[in-house]
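J.: To start, I am sharing the structure in question, which I have written as structure tokens.
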Amino acid sequence: MATAAGPQPANRWTWTMACGVLLFVAGIFFLAAPGFTTAAIAVLIGWLLLFTGIATVVMGFRSHGAHRRWTEILYGAGSILVGLLVIIDPVAGAASLAMLVAFWLFWRGMIEFGAARLAGPGTTRGMLLGIGAINWVLALLLLLSWPFPAVQMLGVFIGLSFVLGGVATMLAAWQLRSIAVA
């Protein structure tokens with residue numbers, strides 16, 4: 001039963017479970033096609049930079065202050081240039097992306113360590129600590145193998161991170177379900 005404020009607490013676990021399943025399935029897809037994953041993410045980021053750059057240049061021309069106008073136009077032009085370079089040469093873009101993903105995996109590991117600290121004792125805490133440690137190892141492997149092996153491993157590491165994140169989210173949903181039933 002839902003109210004104006006949203007689903008009842010007993011039903012919230014299903015949304016969490018659905019998110020966990022989606023993360024898990026996406027991770028399996030990424031693992032099955034790591035080269036495609038790496039190239040697709042690089043090209044996607046290139047297009048995002050291109051569109052963001054165009055919008056920023058347009059906003060710059062519409063700005064009233066000269067300082068703001070030129071900073072927006074220059075920032076937008078830089079975004080357009082980087083976006084085009086990544087779209088034209090996704091491998092070079094993927095090399096840069098590998099470095100950024102290494103930092104993202106490190107950050108995600110830190111967040112999981114923090115979540116484990118907040119979690120009560122039990123399976124969830126241990127799993128979060130394990131996933132955090134795995135993300136740190138993956139980040140270190142990317143940093144140490146940069147640029148070319150890192151580009152090849154990027155899709156695999158993103159896939160592993162998504163699979164593990166999906167499992168953690170599904171376990172959290174299962175815990176929410178048991179709380180809702182109780």
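J.: Tell me, please, whether a residue that is in a helix (DSSP H, G or I), farther than 21 Å from SER161 by Cα and under 22 Å from the mean Cα position of the chain (by Cα) can be found in the stretch 61-79.
T.: yes
J.: Moving on to the next point. How about the stretch 140-157: which of its residues are closer than 12 Å to PHE36 by Cα and not small (Gly, Ala, Ser)?
T.: Scanning the stretch 140-157 gives VAL151, GLN152, MET153, LEU154, VAL156.
J.: Yes or no: THR71 at pLDDT below 90, over 16 Å from LEU100 (Cα atoms) and open to solvent by 40 Å² or more (accessible area, probe 1.4 Å)?
T.: yes
J.: Here is a further query. Could you count how many residues in the stretch 1-35 are more than 13 Å from LEU176 (Cα to Cα), modelled with pLDDT under 90 and open to solvent by 60 Å² or more (accessible area, probe 1.4 Å)?
T.: 5
The values are calculated or read from the model by the stated rules, or taken from the named source; none is laboratory data. This is a predicted model, so every value here is computed, not measured. Note: accessible area is taken over every heavy atom of the protein model, side chains too, but ligands, DNA and RNA are not part of it. Shrake-Rupley method; radii C 1.70, N 1.55, O 1.52, S 1.80 Å.
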